[in-house]
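The values are calculated or read from the model by the stated rules, or taken from the named source; none is laboratory data. Not measured: the values here are computed from a predicted model. Every residue, glycine among them, receives a Cβ derived from its backbone with ideal geometry; neighbour counts consider all protein chains shown.
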């Protein structure tokens, strides 16, 4: 007896923004298309669909990935954060607020990817990960400031064709400051 | 110096002060929905199939196997698509591009021509079926290469006269103490807006509704209505948020094919271009080859100026990239000649792209001025100031305002120009050569007829409805401020609704004319509404609405040369080992009329300058002459500036008041790119002593030019003549 044809779809559960979503997906479906076409989470943008522009950046277990090069079936069991899950209810994340206040965008289409990327950049930098422009990469070196050059280097996977880079870099820097203040406050609170 | 210019009327405080975008919260939370993101029940997905040959005709399209694939609903092609009406001139004075009027015959005029649309239940099914569709062609030889002396080139008008001329050019050149005759080239450039074109079409109660991403809803509505022989009132086009346009988002294959499919299937159909498809379907900036001849007296005064530009267009559509037009505004000479020419090749149709004409044209003329400054021994700014015209060099009309000199003065002061050593190739830091450059900029300040509806609501608030488009310019916010001042209220009480053709005809977001055109219509309606309110006791529940139309007011505007101006400054570092050019800083000072919202205006100007960096150093779409197709038509193969390429870029403005203009706005969408690439190229010369007349200034060009300059220097050293400069890069 010939084997039954392999199924081309599977039921999966995706953990997105602290919610579970059960769906059946074509195995070819990217995480990006699952978000946009199946789950109505259209905040994640499709700029190139081939990993070159960064507009589809989401956080997978708090690390940034391009969701257009991630299959939906491969994201099962991971913690997915999209732009819709960045704010705390009506309270914007400090990075979102900085983009708004400093006009860190124009058309807005790259913005969700820039913001997700920026949040990961701030964490990567705080964790001591070096970049190509980090002068001192010795592990014992204490964290260096997140300078504009560091931000530009680390954010270079996110294209902005409107050319809003100057204000995006300012927004990321301000978001990083707010993040650092919040972290310091948390440490002090824990010590008290 | 950050200044704002008060308008001709006593306005309240919204205009001229920084306001964050009214839709900003939606954009940073992902709530803002773009065209491909609005849900529809029973939505089907269309996938365009593009030609794989560059010239020929379709022999067969084998639809049967594809129609049997899972989920496939239909395949549209020239054998079954409805006939379209294409013999018309549209709202902007241009005929439709046949690449948009899809599936009308079996001809293939370029690679990436739309030959079919596969529609299926899901995007994956549509894509698989589209890739499986077998199309057989009868292929013909093609020619896709632009050459300067192509005998088939002809003078073409586009949106300005093809040729202008006065004086005896050869006689003035012969009488000139200093003469320059150089060729400059710019490559094919792609808009590369972040959001690819997307549209959903559906029939709703006898009305065609298209949810789209475009630069003008009434523009696309009128084109679709004409093409499908529909009454304009039975077509509605909406476009709320637009992920960038830069000239490419007009009527394209995606809307037309979506309408065809929705009509055939009686259900909503969405068609989204892939990134690669945008390279042949969405327009692009043609490559140009430009020749500039200048003749000057020893004091730098221009006796002769000739600027000739050639661009390519497709065999099915004439588009002129009017690069020679910029000289008609910027510089006068006793003999003055300009010409824009085109040649038809087997290439996709080019179109408007941010500062069409001015962007490539300013590279050539402003680089040539820098060379003339070098040859006359004058400072580049002084040379330009000595050639400031009193009136339009070609038109003879007065300038409504021309504050170029003020831009240069302010820019030179802030950039530190006075401390510059004019000698090239003398600043070295390690393996980097440093240099600075400057260039002038201008862009026309036009307006198009627009209508606006302004409503006084019963609750005391106001609603403005206008078919404007916010493609990232901040137009929605700017118009809120304009309306607030015109209604003598605060922005919080004004709701501006845009992006809906039901609001009536309006200018597109293009040509830096959008905000000026729309603001004009809104202020006119607001003024009449205030008069009505002054004699009204109570506002009825439906509110009081006034409609304006600026068509007559525009006709009544005095004929003048109306332009924005600017001075661009750049500092670069050239790595002599790798050939890499890095821009270290840029400053642009602009005279761009009344600045409505400093926050967003500055962002747009900086964005334009960022395009200038990108144009000078990165952007180049390369076509294989053998296949006629692009190499790597994607964002990895086509480089646009990214974060790491863009350093401290600063833009600011000087007072620029036009006393007889009712709105005083000139627009800031395009002036920022004009002259920016020239400023970078001039800085590269200053750093290295080598002229780069071909964009982009790639590392290999730097290295090849450096090698050839060293070789010729040693040759000349051998014969005892020391070089005055390093020569030029002609590769």
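Look at the stretch B:14-28 and say how many of its residues are surrounded by fewer than 22 Cβ atoms within 10 Å (Cβ to Cβ) and part of a helix (DSSP H, G or I).
2
I need the full set of residues from the stretch B:411-455 which are in a helix (DSSP H, G or I) and either within 30 Å of the chain's Cα centre (by Cα) or closer than 18 Å to residue B:591 by Cβ (or both), in order please.
As a first pass, look at the stretch B:411-455 and keep what is in a helix (DSSP H, G or I): B:411-415, B:417-419.
The answer is B:411, B:412, B:413, B:414, B:415, B:417.
Please determine whether any residue of the stretch B:533-552 is crowded, with 19+ Cβ neighbours inside 10 Å, at pLDDT 95 or above and assigned to a helix (DSSP H, G or I).
If we filter the stretch B:533-552 for residues that are crowded, with 19+ Cβ neighbours inside 10 Å, which is where we start, we get B:546, B:548, B:550.
Subsequent filtering for residues that are at pLDDT 95 or above retains B:546, B:548, B:550.
If we keep only those that are assigned to a helix (DSSP H, G or I) as well, we get none.
The answer is no, given that none of the residues of the stretch B:533-552 is crowded, with 19+ Cβ neighbours inside 10 Å, at pLDDT 95 or above and assigned to a helix (DSSP H, G or I).
Quick test of your reading of the structure: residue B:54 fulfils all but one of (1) surrounded by fewer than 16 Cβ atoms within 10 Å (Cβ to Cβ); (2) under 23 Å from residue B:628 (Cα atoms). Name the failing condition by number.
Just one mismatch for residue B:54, condition (1).
Give the residues of the stretch A:24-55 that are in contact (Cβ under 8 Å) with a residue 24 or more places away in the chain, part of a strand (DSSP E or B) and over 30 Å from residue A:160 (Cβ atoms), sorted by residue number.
Answer for the stretch A:24-55, where residues must be in contact (Cβ under 8 Å) with a residue 24 or more places away in the chain, part of a strand (DSSP E or B) and over 30 Å from residue A:160 (Cβ atoms): just A:25.
Here's the yes/no breakdown for (1) out of contact with any helix residue (DSSP H, G or I) (no Cβ under 8 Å at 6 or more places or on another chain); (2) touching a residue at least 40 places away in the same chain (Cβ under 8 Å); (3) more than 8 Å from chain B (Cβ to nearest Cβ); (4) within 24 Å of residue A:105 (Cα to Cα):
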residue: A:150; (1), (2), (3), (4): no, no, yes, yes
residue: A:155; (1), (2), (3), (4): no, yes, no, yes
residue: A:161; (1), (2), (3), (4): yes, yes, no, yes
residue: A:168; (1), (2), (3), (4): no, yes, no, yes
residue: A:171; (1), (2), (3), (4): no, yes, yes, yes
residue: A:179; (1), (2), (3), (4): no, yes, yes, yes
residue: A:183; (1), (2), (3), (4): no, yes, yes, no
residue: A:191; (1), (2), (3), (4): yes, no, yes, no
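Among the residues that make up the stretch A:57-79, is at least one of them part of a loop (DSSP other than H, G, I, E, B), within 12 Å of chain B (Cβ to nearest Cβ) and at pLDDT 95 or above?
Step one: list which residues in the stretch A:57-79 are part of a loop (DSSP other than H, G, I, E, B), which gives A:61-62, A:70, A:76-78.
From what's left, within 12 Å of chain B (Cβ to nearest Cβ): none.
Taking every residue of the stretch A:57-79 in turn, none turns out to be part of a loop (DSSP other than H, G, I, E, B), within 12 Å of chain B (Cβ to nearest Cβ) and at pLDDT 95 or above.
Hey, can you tell me all the residues within the stretch B:31-47 that are farther than 19 Å from residue A:43 by Cβ and either loosely packed, with under 15 Cβ neighbours inside 10 Å or facing chain A (nearest Cβ under 8 Å) (or both)?
Those that are farther than 19 Å from residue A:43 by Cβ and either loosely packed, with under 15 Cβ neighbours inside 10 Å or facing chain A (nearest Cβ under 8 Å) (or both): B:41, B:42.
Inspect all residues belonging to the stretch B:137-148 and state whether any of them is surrounded by fewer than 15 Cβ atoms within 10 Å (Cβ to Cβ), part of a helix (DSSP H, G or I) and away from chain A (no Cβ under 14 Å).
no
If we keep just the residues of the stretch A:101-130 that are more than 14 Å from chain B (Cβ to nearest Cβ) and in a helix (DSSP H, G or I), which is surrounded by the fewest Cβ atoms within 10 Å (Cβ to Cβ)?
Applying the first criterion (more than 14 Å from chain B (Cβ to nearest Cβ)) to the stretch A:101-130 yields A:120, A:122-130.
Within this subset, residues satisfying the condition of being in a helix (DSSP H, G or I) are A:120, A:122-126.
Values: A:120: 20, A:122: 24, A:123: 16, A:124: 18, A:125: 22, A:126: 14.
The extreme case among them is A:126.
Tell me the residue from B:171, B:132, B:155, B:177 that is surrounded by fewer than 16 Cβ atoms within 10 Å (Cβ to Cβ) and touching a strand residue (DSSP E or B) at 6+ places or on another chain (Cβ under 6 Å), please. Outline the logic, then answer.
Values: B:171 fails: touching a strand residue (DSSP E or B) at 6+ places or on another chain (Cβ under 6 Å); B:132 fails: touching a strand residue (DSSP E or B) at 6+ places or on another chain (Cβ under 6 Å); B:177 fails: touching a strand residue (DSSP E or B) at 6+ places or on another chain (Cβ under 6 Å).
That would be B:155, the only listed residue that is surrounded by fewer than 16 Cβ atoms within 10 Å (Cβ to Cβ) and touching a strand residue (DSSP E or B) at 6+ places or on another chain (Cβ under 6 Å).
If a residue has to be within 13 Å of chain A (Cβ to nearest Cβ) and either assigned to a loop (DSSP other than H, G, I, E, B) or more than 25 Å from residue B:676 (Cα to Cα) (or both) to count, how many in the stretch B:629-663 make the cut?
Total meeting the criteria: 13.
Answer with yes or no whether residue B:671 is within 14 Å of chain A (Cβ to nearest Cβ), in contact (Cβ under 8 Å) with a residue 24 or more places away in the chain and under 25 Å from residue B:603 (Cα atoms).
Working: within 14 Å of chain A (Cβ to nearest Cβ): yes; in contact (Cβ under 8 Å) with a residue 24 or more places away in the chain: yes; under 25 Å from residue B:603 (Cα atoms): yes.
So residue B:671 fits the description; yes.
Based on this model, can you work out whether residue B:630 counts as in contact with a helix residue (DSSP H, G or I) (Cβ under 7 Å, 6 or more places away or on another chain) and without any contact (Cβ under 8 Å) to a residue 60 or more places away in the chain? Don't jump to the end; show me each part of the working.
Details: in contact with a helix residue (DSSP H, G or I) (Cβ under 7 Å, 6 or more places away or on another chain): yes; without any contact (Cβ under 8 Å) to a residue 60 or more places away in the chain: no.
When the stated conditions are applied, residue B:630 does not pass them.
Before we move on, is residue B:93 at pLDDT below 95, away from chain A (no Cβ under 14 Å) and out of contact with any strand residue (DSSP E or B) (no Cβ under 8 Å at 6 or more places or on another chain)?
Details: at pLDDT below 95: yes; away from chain A (no Cβ under 14 Å): yes; out of contact with any strand residue (DSSP E or B) (no Cβ under 8 Å at 6 or more places or on another chain): yes.
The answer is yes for residue B:93.
Can you report the number of residues in the stretch B:500-528 which are under 26 Å from residue B:223 (Cβ atoms), surrounded by fewer than 24 Cβ atoms within 10 Å (Cβ to Cβ) and in contact with a strand residue (DSSP E or B) (Cβ under 7 Å, 6 or more places away or on another chain)?
5
Take residue B:190 and decide whether it is out of contact with any helix residue (DSSP H, G or I) (no Cβ under 8 Å at 6 or more places or on another chain) and within 14 Å of chain A (Cβ to nearest Cβ). Outline the logic, then answer.
Details: out of contact with any helix residue (DSSP H, G or I) (no Cβ under 8 Å at 6 or more places or on another chain): no; within 14 Å of chain A (Cβ to nearest Cβ): yes.
Against the criterion (out of contact with any helix residue (DSSP H, G or I) (no Cβ under 8 Å at 6 or more places or on another chain) and within 14 Å of chain A (Cβ to nearest Cβ)), residue B:190 does not qualify.
What are the residues in the stretch B:587-627 that are in contact with a helix residue (DSSP H, G or I) (Cβ under 8 Å, 6 or more places away or on another chain), under 14 Å from residue B:675 (Cα atoms) and within 10 Å of chain A (Cβ to nearest Cβ), if any?
Passing the criteria: B:606, B:608, B:609, B:610, B:611, B:612, B:613, B:614.
Quick one: how many residues across the stretch B:459-476 are within 14 Å of chain A (Cβ to nearest Cβ), touching a residue at least 60 places away in the same chain (Cβ under 8 Å) and buried (at least 24 other Cβ atoms within 10 Å of the Cβ)? Lay out the reasoning, then the answer.
Residues of the stretch B:459-476 within 14 Å of chain A (Cβ to nearest Cβ): B:469-476.
Filter once more, keeping what is touching a residue at least 60 places away in the same chain (Cβ under 8 Å): B:469-474, B:476.
Still in the running and buried (at least 24 other Cβ atoms within 10 Å of the Cβ): B:469-474.
Looking only at that region, the number is 6.
Test residue B:53 against the stated conditions and say whether it is away from chain A (no Cβ under 14 Å), at pLDDT 95 or above, more than 21 Å from residue B:197 (Cα to Cα) and under 32 Å from the mean Cα position of the chain (by Cα).
Numbers: away from chain A (no Cβ under 14 Å): yes; at pLDDT 95 or above: yes; more than 21 Å from residue B:197 (Cα to Cα): yes; under 32 Å from the mean Cα position of the chain (by Cα): yes.
So residue B:53 passes the test.
Just to be sure I understand, how many residues within the stretch A:147-192 are closer than 21 Å to residue B:582 by Cβ and in a loop (DSSP other than H, G, I, E, B)? Lay out the reasoning, then the answer.
So in the stretch A:147-192, the residues closer than 21 Å to residue B:582 by Cβ come out as A:147-161, A:163-170, A:172-173.
Then drop every residue that is not in a loop (DSSP other than H, G, I, E, B), which leaves A:147, A:155-161, A:163-164.
Residues that pass the stated criteria total 10.
Suppose the filter is on the phi > 0 side of the Ramachandran plot and either at pLDDT 95 or above or outside any loop (DSSP other than H, G, I, E, B) (or both); does residue B:472 pass it? Talk me through it step by step, then tell me what you get.
Values: on the phi > 0 side of the Ramachandran plot: yes; either at pLDDT 95 or above or outside any loop (DSSP other than H, G, I, E, B) (or both): yes.
Here the answer is yes, as residue B:472 does meet what is asked.
I'm trying to understand the selection: among the residues of the stretch B:633-670, which are within 25 Å of residue A:51 (Cα to Cα) and in contact with a helix residue (DSSP H, G or I) (Cβ under 7 Å, 6 or more places away or on another chain)? Quick ask: steps written out before the conclusion?
Within the stretch B:633-670, the first condition is being within 25 Å of residue A:51 (Cα to Cα), and the residues that meet it are B:633-647.
Scanning the stretch B:633-670 gives B:633, B:634, B:635, B:640, B:641, B:643, B:644, B:645, B:646.
For residues that are at the interface with another protein chain (Cβ under 8 Å from one of its Cβ atoms) and within 14 Å of residue A:179 (Cβ to Cβ), tally how many sit in the stretch A:80-96. Spell out how you get there, then give the answer.
Start the filter on the stretch A:80-96 by keeping residues that are at the interface with another protein chain (Cβ under 8 Å from one of its Cβ atoms), which leaves A:82-84, A:86-87, A:92, A:96.
Applying the additional criterion that residues be within 14 Å of residue A:179 (Cβ to Cβ) yields A:86, A:92, A:96.
The total comes to 3.
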